[in-house]
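J.: Take this structure, written in C-alpha cells, and hold onto it; I'll ask about it next.
Please treat every number below as a calculation from the coordinates, not as lab data. Computed from a prediction, not measured in an experiment: that's the story for all the values here. Cβ placement follows ideal geometry from the backbone for every residue including glycine, while neighbour counts extend to all protein chains displayed.
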Amino acid sequence: MNTPNPISKRDPANDHDWFDLATHWKLRSDTIYLNHGSFGLQPDVVRYHRRTWINRLDEQPMDFYLRQMESALFEARTSIANFIGTAPANLVLIDNATYAMNIVANSFSLNPGDEVLINDHEYGAVERIWQRTCDSSGAKLISVPLPDSFESKEQIVDCLTQAVTSKTRLLVVSHITSATALIMPIKEICDAFHDQGIAVCVDGPHAPAQVDLAVEDLKCDFYTASLHKWLCAPLGSGFLYVHPRFQNTIRPPVKSWGRLLPAIPETWDEEFTWIGSRDPSPFLSVPQAIAWIQKIGLENFRDRACWLASYTEDCLRDLFQTQTIGDRSDGWYGAMTHVPLPLGDWSSLQKQLWEQIGIEVMIILFKERWYVRASHHLYNNQTQINTFIKAISRMTT
Ligand SMILES: Cc1ncc(COP(=O)(O)O)c(C=O)c1O
C-alpha cells in the first residue's frame, strides 16, 4: 500500500482545527474517553474495513481461507513491517502484546541460576509471565527499582546496567511504561545491554504510532506490541518481532499446519500463518489503520495528542501542586500524562468519575501513591478536558 499524502499541518492548540477528525469515531455519547492507552478505539473506516473481511469470511469460508487469507495476511504483515522498520520475515502477527510476550517467555532458554532483569515500572502481567518462566526454569527474576525522579537518559541506563551480573541473560523493558506513561530511552538501553552481550526484549504496545519506531535500528532481540492502542487498529491485532539470531528458538504456542495445505512451513514465521480456523479480520484491517493515520500525518497526530496531554498535565499540576516523575519538556511523555494526586486514598476516584460524570480515565496506584493517567487521541478536545478537571477538582479538594 502506498503512503497517502498527509493532510496539511494543523494547529495543535486549536480545537476547531480537529473537529472534523473527531467525527471519524463513533463514541458513545455518554462518555468522555481519556483512556485510549488501555483500550484504543477504532475509527469508522477501520471498523468498516474489518466488517468487510468478516463478511467475506462468513459468506464463503472455503473461498476465504483457501484462496484469500494467506496472501492477505502476508500483505498485512508487509504493511506492518514497513511501518515499524523491519523485514516481513522477522515478524509474526500475534493477537496482542501479552500473547507475544508469552511466546518469548516460553521460548527463551534459561538455566537454573540465570537472571532476567525487569524494573519496577513494568506491566504487572509481564512481571507475572516472567516470574512463571523463571520459577519453572530455576532462574531468578530481578526487578530493578528506578529513581523517583527521572533526570536523564544516562541515569536510567546506569540504573539498569548496574544491576547486571555474570548471570544476567535477558532484560525485559517497556518502550513506554504502562502505569507511569514514561517514554524510556530504549535505544540507549538496547545499546548498553548489547555491549554486555545481554539479550533485550522490548514490551512495546504503547509505541506504534505514538512515537517513532524503527525496530531494526534498536537492534533489540524481541519486540512485542498491540496495535489497538495508538495506531487504532482492531483489538486482536499485534505483532512479535524476533531478531534473526533468535528465530530458530521460537516455539509457536499453537502447533497446527503452519501453512495452508499443501504448503509445509519452512521458516519460523510460517508456523504462525495457520494456527487453526479463526477470524483473522483484526490483522487484515491493520493496513487500513496505517493508511488512515498516515493520511492524517504522524506528526499532526502526535503534535495534537501531545498538546492535549500537556494541557491536561498543566491543569492537574496546578490543581494538585504535584510534580511528575519526569519533565515533559525533556521528552519523557507523549500522548499520555501521569500526575500524582495529593496524598491520600483515591481508590474510589476512577469509579466516581465514571459513575457521576461518564469520564473514563485511569487512577493508578504506583509505589503507594495514587496517580492520574490520562490518554489523548484525536477525538479528545479541551472542552472534555475542562469537564474532567472540574470534576476531579470537586472530588479531590
Ligand atoms: C506496557 C504494557 N505492556 C503490555 C500490555 C498488555 O497489552 P495487551 O493487553 O494489548 O496485550 C500493556 C497494556 O496496557 C502495557 O501497557
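J.: For the stretch 52-293, go through all pairs of different Cα atoms, get the mean of 1/r, take its inverse, and jot down that Kirkwood value in Å. Write out the running numbers ahead of the final one.
T.: Numbers: mean 1/r = 0.0539 Å⁻¹.
Computed over the stretch 52-293, the radius equals 18.6 Å.
J.: Can I ask one more? Exposed loop sites here are GluC sites (Glu not before Pro) in DSSP loop states with at most 16 other C-beta atoms within 10 Å. What is the longest stretch of the chain lacking them? Each step should come with its number before you reach the end.
T.: On the way: sites that count: 151, 266, 368.
It runs 1-150.
J.: Cα-Cα over 20 Å: which of 229/367; 26/229; 187/219; 9/295; 219/367?
T.: Working: 229/367 25 Å; 26/229 16 Å; 187/219 8 Å; 9/295 11 Å; 219/367 31 Å.
Violating the 20 Å Cα-Cα cut-off are 229/367; 219/367.
J.: If you don't mind, there's one more thing I want to ask. Within 15 Å, Cβ to Cβ, of residue 358, how many net charges do the neighbouring residues add up to if Lys/Arg are +1 and Asp/Glu are -1?
T.: On the way: positive: 28, 351, 390, 394; negative: 30, 355, 360.
Surrounding charge for residue 358 is +1.
J.: Same structure, new question: How do 383, 180 rank when sorted from fewest to most other Cβ atoms within 10 Å of their own Cβ? Intermediate results must be reported in sequence, preceding the final value.
T.: Numbers: 383 10, 180 24.
So the ranking, lowest neighbour count to highest, is 383, 180.
J.: Run the dipole for the chain about the Cα centre, Lys and Arg Cβ at +1, Asp and Glu Cβ at -1, nothing else charged, and hand back the magnitude in debye, nearest 20. Display every interim value, and only then the final one.
T.: Details: 35 positive and 46 negative charges, 162 e Å.
Here the chain has a charge dipole of around 780 debye.
J.: Among 167, 255, which comes first, second and so on when ranked by fewest other beta-carbon atoms within 10 Å? If you can, show how the numbers build up before the last one.
T.: Working: 167 13, 255 10.
Exposure proxy ranking, most exposed first: 255, 167.
J.: If neighbour count is taken as other Cβ atoms inside 10 Å, put 79, 281, 71 in order from fewest to most. Walk me through the numbers on the way to the answer.
T.: Numbers: 79 17, 281 20, 71 9.
Listing 79, 281, 71 from fewest to most nearby Cβ atoms yields 71, 79, 281.
J.: What do the square roots of 5 times the Cα gyration tensor eigenvalues come to for the stretch 245-342, in whole Å, largest first, as semi-axes of the equivalent ellipsoid?
T.: On the way: eigenvalues 392, 67, 32 Å².
Equivalent-ellipsoid dimensions as semi-axes: 44, 18, 13 Å.
J.: Any chance you could check the Cα centroid distance between the stretch 258-287 and the stretch 333-397 for me, in angstrom?
T.: Here the answer is 41 Å between Cα centres.
J.: Per residue of the stretch 257-272, what does 6.51 cos²θ - 1.76 cosθ + 1.60 with θ = phi - 60° give for ³J(HN,Hα)? Whole Hz please, x for Gly and Pro, Karplus curve as stated.
T.: With the stated coefficients, the stretch 257-272 comes to 6, x, 10, 5, 4, x, 5, 10, x, 10, 10, 3, 6, 5, 4, 9 Hz.
J.: In deg cm²/dmol, rounded to 500, what helix-only [θ] at 222 nm does the chain give when every DSSP H run of at least 4 residues adds -39500 (n - 2.57) and the total is split over its residues? If you can, show how the numbers build up before the last one.
T.: On the way: 13 runs with 140 residues, N = 397.
My calculation for the chain gives -10500 deg cm²/dmol from helical runs alone.
J.: Quote the FRET efficiency, to the nearest 0.05, computed for residue 351 versus residue 39 with a Förster distance R0 of 22 Å and r equal to the Cβ-Cβ distance.
T.: Values: r = 17 Å, r/R0 = 0.78.
After rounding, the FRET efficiency stands at 0.80.
J.: If you don't mind, another one. Can you say what percent of the DSSP beta bridges in the chain, counting only those with both residues inside, are antiparallel? Round to 5.
T.: Values: 21 of 40 bridges.
Antiparallel bridges: around 50 percent, rounded to the nearest 5.
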